[in-house]
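I have placed the structure first, in the form of structure tokens, so that the comments after it can refer back to it.
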Amino acid sequence: MAPTIDSKLPHLGTTIFTVISQLAQDCGAINLGQGFPDYDGPELLRERLAYYVREGFNQYAPMSGVPKLREQIALKVEQLYGRRVCADREVTVVPGATEGLYCAITACVRPGDEVIVFDPAYDSYEPAVELCGGRAIHIPLLPPDFGVDWQRVKEAVNARTRMIILNSPHNPTGAILSAQDLSELADIVRDTDIFLLSDEVYEHLVYDGLAHQSLLRHEELAERAFVVSSFGKTYHVTGWKTGYCVAPPALTAELRKVHQYVTFVGITPIQWALADFMEACPEHCMELPVFYQRKRDIFCDAMASSRFRFTPTPGTYFQLMDYSDISDRGDRDMAEWLTREQGVAAIPISVFYQSPPDCRYVRFCFAKEDETLKCAAQKLSEI
């Protein structure tokens, strides 16, 4: 007789991203649900990967990442955020940002600890906390702008608070933190033992002339923070599953203790290709806001005649839309109906909440070819 499995995550099933993407494929729908582009990464980047595969760079990389790539990351951090970090002791390359988030949480959170997350929260945070024996404390962001209620955060902090997880630009709402937000956060964590985990995978996707407020800009916050970023989002190669974590030496050392027993290393030729491309084309990151703002505007302009209500997103490549003038369905039912009956896949927002509010939002991804966006908008505008 087979043993009974006592699940550590009894409430979890297949992620909504997998469910909706499979439904979109089954229905032949335009997939504006899962966050990946329908176009390829830069040609030079792909050529460099092919080069390193051909030339035999196919064995293990160093556990912390290829040195040249870590050096390019450190250079980028200094140029963009004014913080000088040590490539050897403060930069770790990881096989995807999700692994970096998991390793940071696992390195710090112990049974009985509390971790503050902001709802709607990306779905990988709480399971990692629970696997460590910790408890996620959910604080809702405030619609329609989805800002942080810092007074509520202050009231939630206690002796058990081990970590606060930030996400800016925010998935799924697109909201961004301001310099004032960072000051408010600093006031709360000062003279505490609270760690910060900042999910900044959409760091280069900030629009309308605004600047990304990385925790790396703020010296006081950076000294207690793990900052996680994604090459997949930045270079349109989500399938390469490569990211990195920047943290002070003591925190990096603890993260690497976990990382070496989760995946040990990232893929070697991918790391060399990324290092070469960062060196050859540093302007790529600077061009992304204009590139994606244009796509946002194409999609929003095409949706202007629809019955959806929305404000153009300030960050990420996601656009929230309120469908309350169209239907009183729950958002999961609405997302499935849009996919099956209207031929456009979207992601419901309630799945990112512990206690969903009474609102009617779905999330669309506009990291798509222009014609894909226009076709999807036409279908949605006919509802």
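Only the coordinates and a few stated rules stand behind these numbers; no lab work does. All values derive from a computational prediction rather than experimental measurement. FYI the Cβ positions are ideal-geometry reconstructions off the backbone, even for glycines, and counts take in every protein chain you see.
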Pairwise FRET efficiency - Glu371 versus Met1, Cβ, R0 = 35 Å, nearest 0.05: 0.05
Highest to lowest packing among 139-150, 196-207, scored as the average C-beta count within 10 Å: 196-207, 139-150
Provide the packing ranking of 158-164, 72-78, i.e. peptides ordered by the mean count of other C-beta atoms within 10 Å per residue, highest first. 72-78, 158-164
Could you work out [θ]222 nm for the chain from helices alone, using -39500 (n - 2.57) per DSSP H run of at least four and dividing by all its residues? Round to the nearest 500 deg cm²/dmol. -12000 deg cm²/dmol
Any idea which of Ala128, Thr106, Cys86 is furthest toward the positive side of the dipole for the stretch 51-152, if Lys and Arg beta-carbons carry +1 and Asp and Glu beta-carbons -1? Cys86
Please list 3J(HN,Hα) in residue order for the stretch 369-381, calculated via the Karplus relation 6.51 cos²θ - 1.76 cosθ + 1.60 where θ = phi - 60°; whole Hz, with x for glycine and proline. 4, 4, 5, 4, 5, 5, 5, 4, 4, 4, 4, 5, 6
What residues have an amide H closer than 5 Å to that of Ile30, excluding those fewer than 5 places away on the same chain, when H is modeled at 1.01 Å from N in the peptide plane? Val344, Ala345
Where the centroid of each part is defined by its Cα atoms, how far is the stretch 279-339 from the stretch 168-194 in Å? 24
List, in order, the whole-Hz ³J(HN,Hα) value for each residue of the stretch 309-314 obtained from phi through the Karplus relation with A = 6.51, B = -1.76, C = 1.60 and θ = phi - 60°; use x for Gly and Pro. 10, 6, 10, x, 5, x
Beta carbons within 10 angstrom, averaged per residue: use that to sort the peptides 264-270, 80-86, 320-326, highest first. 264-270, 320-326, 80-86
If the limit is 27 Å between Cα atoms, which of Lys154/Lys257; Lys233/Lys374; Lys68/Lys257; Lys76/Lys295; Lys154/Lys233 go over it? Lys154/Lys257; Lys154/Lys233
